[in-house]
Amino acid sequence: MRGIPSAAIAPEVLPAAGILVVGLYIAAQMLSDIASLKIALVAGFSIDAGTFIYPLTFTLRDLVHKRLGIAAARTVVILAAAVNLCMAAFFQFAVRLPEDPAWGLGREFETILGPVWRIVAASIVAEVMSELIDTEVYRWWVGRVTTRFQWMRVLASNGLSIPVDSLIFCWGAFGGALPAAVVWSIFAANVILKGLVTLASLPGIYLVKEPQPERRVP
């Protein structure tokens with residue numbers, strides 16, 4: 001383009017740390033949705049196995065927000081939901097493919113990876129609602145409370161979004177299908193474990209730097 005220096009039209013470079021946390025966020029969402037198809041019994045609590053990795057997504061979302069801004073945080077939440085929906089649809093497609101008789105594991109494959117659509121739907125709705133709440137609480141804390149003590153913004157945003165996520169998912173996925181006592185047990189285990197993971201992951205907010213405002217050249 002004539003008359004415009006090449007430096008003036010150089011594309012904006014996405015920080016490598018931003019790319020990394022976005023990738024980790026989507027990967028953690030996918031892994032937790034797959035693992036949520038198993039209900040385990042841990043220390044007397046019924047708990048979906050995805051709970052062991054899902055809490056990390058809240059801190060990873062905070063890292064996306066911190067490094068790339070609120071628009072990127074909202075976008076990656078919706079993108080992760082779309083990816084999980086496509087993943088479930090692809091597993092369903094794979095289940096319906098004709099089985100090679102020599103393989104003989106079609107029933108096992110269907111049992112493990114054939115998605116239960118109610119669980120998938122509840123998981124995606126819970127993820128989107130809770131993560132968007134997490135986004136707004138994080139923004140409010142940074143804008144209205146303080147930019148200091150970064151671990152406190154993570155604790156505040158996760159403290160509200162975790163119970164919301166657990167309530168929507170547990171009753172959306174298992175309400176009516178399992179006894180109420182079991183559903184509440186899953187809910188309690190979810191909140192406890194997610195809270196513990198949140199406390200353990202608080203230092204993670206310091207893994208990336210906040211972008212500094214650009215200085216105007218006089």
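ILE119 fulfils the conditions (1) free of Cβ contacts under 8 Å to residues at least 60 places away in the same chain; (2) within 18 Å of the chain's Cα centre (by Cα) except for a single criterion, (1).
Here LEU132 does not fit the description of being at pLDDT 90 or above, in contact with a helix residue (DSSP H, G or I) (Cβ under 7 Å, 6 or more places away or on another chain) and among the hydrophobic types (A, V, I, L, M, F, W, C). So, SER46, is that one within 27 Å of PRO179 (Cα to Cα), in a helix (DSSP H, G or I) and modelled with pLDDT under 85 or not? Judged against the criteria, SER46 is not a match. A search for C-beta distances below 7 Å between a residue of segment 47-59 that is on the phi > 0 side of the Ramachandran plot and any residue that is aromatic (Phe, Trp, Tyr) and surrounded by fewer than 24 Cβ atoms within 10 Å (Cβ to Cβ), counting only pairs 6+ apart in sequence or on different chains, returns nothing.
A Cβ distance below 8 Å, combined with a sequence gap of six or more or placement on separate chains, defines the contacts here; from segment 87-113, residues that are under 20 Å from ALA35 (Cβ atoms) and among the small types (Gly, Ala, Ser) reach residues that are part of a helix (DSSP H, G or I) and modelled with pLDDT of 85 or more in the pairs ALA94/PHE109.
If you go through segment 49-75 and keep only what is in a helix (DSSP H, G or I), among the aliphatic types (A, V, I, L, M) and touching a Leu at 6+ places or on another chain (Cβ under 7 Å), you end up with LEU60, LEU63. One residue alone among MET129, MET152 is without any contact (Cβ under 8 Å) to a residue 40 or more places away in the chain and under 12 Å from the mean Cα position of the chain (by Cα), and that residue is MET129. In summary, helices (runs of 4 or more DSSP H) completely within segment 113-218 and bearing 3 or more residues that are of a type in the set (D, E, K, R) and surrounded by fewer than 21 Cβ atoms within 10 Å (Cβ to Cβ) occur at 117-140. Selection of segment 14-38 for residues being of a type outside the set (Ser, Thr, Tyr) and under 9 Å from the mean Cα position of the chain (by Cα) yields ILE26, ALA27, ALA28, GLN29, MET30.
Within segment 72-122, the set of residues being among the small types (Gly, Ala, Ser) and touching a Phe, Trp or Tyr at 6+ places or on another chain (Cβ under 6 Å) comprises ALA122 only. Evaluated against (1) in contact with a helix residue (DSSP H, G or I) (Cβ under 9 Å, 6 or more places away or on another chain); (2) modelled with pLDDT under 80, ALA8 falls short on exactly one condition, (1). As a summary of the residue check, GLU99 satisfies the conditions (1) at pLDDT 85 or above; (2) under 16 Å from the mean Cα position of the chain (by Cα); (3) surrounded by fewer than 22 Cβ atoms within 10 Å (Cβ to Cβ) except for the one numbered (2).
The values are calculated or read from the model by the stated rules, or taken from the named source; none is laboratory data. Everything quoted here is computed from the prediction, not taken from an experiment. Every residue, glycine as well, gets a Cβ built from its backbone with ideal geometry; the counts of neighbours run over all protein chains shown.
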